Amino acid sequence: MEHTIEKQREAKIRQWFSMWLDKQDTGIADLFAPDAVYIESWGPEYHGSGKIKLWFDEWNSRGEVQRWDIRQYFHKGDQTVVEWSFRCAMTDDVIQSFDGISLIRWNEAGRICFLQEFGCNETRYDPYAQGKIPVFREEQALWF
């Protein structure tokens with residue numbers, strides 16, 4: 001039984017990622033609880049499935065998700081963590097790619113009631129590669 005619930009949750013997460021890749025809402029109102037909270041890795045927070053849909057529609061008018069690959073899932077009780085890699089291109093020619101995880105909590109009806117994203121720069125390096133004094137890259141850090 002627990003294995004079946006986990007597979008259903010994974011299918012719903014894949015559906016959410018596919019909505020972004022296809023730029024098409026195939027069930028935001030069914031996927032998210034009416035009072036769901038969604039927190040992006042860089043700070044924006046959306047309250048309610050209506051606001052999540054507004055954000056989805058508006059964002060897709062100015063950007064395109066090019067890749068959102070799932071690496072693995074972890075399940076514990078009413079929570080799922082999904083590890084992923086992401087790439088998007090905005091209409092202003094800004095391209096961003098990064099790794100991340102989403103922490104998801106499910107309600108008793110099987111809907112997402114909480115989702116928080118955490119991002120990680122995909123271009124990593126060892127600041128101590130040249131010795132005991134760190135050498136950091138002189139570049140703008142990503143927004144998360």
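Give a residue-ordered list of calculated ³J(HN,Hα) values for segment 102-113 (Karplus: 6.51 cos²θ - 1.76 cosθ + 1.60, θ = phi - 60°; whole Hz; x for Gly, Pro).
Going residue by residue, I get 10, 9, 10, 10, 10, 8, 5, 7, x, 9, 6, 10 Hz, with x marking Gly and Pro.
Take a quick pass over the chain and tell me how many lysine pairs come in under 22 angstrom between Cα atoms, counting only ones 8 or more apart or on separate chains. Write down the numbers at each step before the final one.
Numbers: LYS7/LYS76; LYS12/LYS23; LYS12/LYS51; LYS12/LYS53; LYS12/LYS76; LYS23/LYS51; LYS23/LYS53.
Lysine pairs meeting both conditions in the chain amount to 7.
So for each of 71-79, 52-60 I average, over its residues, the number of other beta carbons within 10 Å; can you give me the resulting order with the highest mean first? Don't skip to the answer; put the middle values down first.
Details: 71-79: 11.9, 52-60: 15.3.
Descending packing order for the listed peptides: 52-60, 71-79.
Answer with a single label: of (i) 30, 20, 13; (ii) 35, 16, 12; (iii) 24, 17, 14, which was calculated as semi-axes √(5λ) of the Cα gyration tensor in Å from the structure in view?
Recomputing semi-axes √(5λ) of the Cα gyration tensor in Å here gives the entry labelled (i).
Of THR80, THR91, THR26, which is the most mobile in a GNM of the chain whose springs link Cα atoms less than 10 angstrom apart?
Between THR80, THR91, THR26, it is THR91 that shows the largest mean-square fluctuation.
Who wins for biggest fluctuation among ARG124, ARG67, ARG14 in a Gaussian network model of the chain, springs between alpha carbons below 10 Å?
ARG124
Express in whole angstrom the spacing between the alpha-carbon centres of segment 1-38 and segment 42-101.
12 Å
Of GLU117, GLU108, GLU83, which is the most mobile in a GNM of the chain whose springs link Cα atoms less than 10 angstrom apart?
Comparing GLU117, GLU108, GLU83 in a Gaussian network model of the chain, the most mobile one is GLU108.
Around GLN66, which amide H atoms from residues at least 5 apart in sequence, or from another chain, sit under 5 Å from its own amide H, with H modelled in the peptide plane?
Here ARG87, CYS88, ALA89 satisfy the definition.
Positive end of the dipole of the chain, charges at C-beta (+1 Lys, Arg; -1 Asp, Glu), about the Cα centre: which of ILE104, GLN79, PHE114 has its Cα farthest in that direction?
Final value for the positive-end residue is GLN79.
Each residue of segment 123-131 in turn: what ³J(HN,Hα) in whole Hz from Karplus with 6.51, -1.76, 1.60 and θ = phi - 60°, glycine and Pro shown as x?
3J(HN,Hα) across segment 123-131, in whole Hz: 9, 9, 7, 9, x, 9, 4, 9, x.
Kindly express, to the nearest 10 degrees and within the range 0 to 90, the angle between helix 2-22's C-alpha long axis and the longest C-alpha principal axis of the chain.
Roughly 70 degrees between the two axes.
Values in this text are rule-based calculations from the coordinates and carry no lab data. Worth saying up front: this structure is predicted, and the values here are computed from it rather than measured. Every residue, glycine among them, receives a Cβ derived from its backbone with ideal geometry; neighbour counts consider all protein chains shown.
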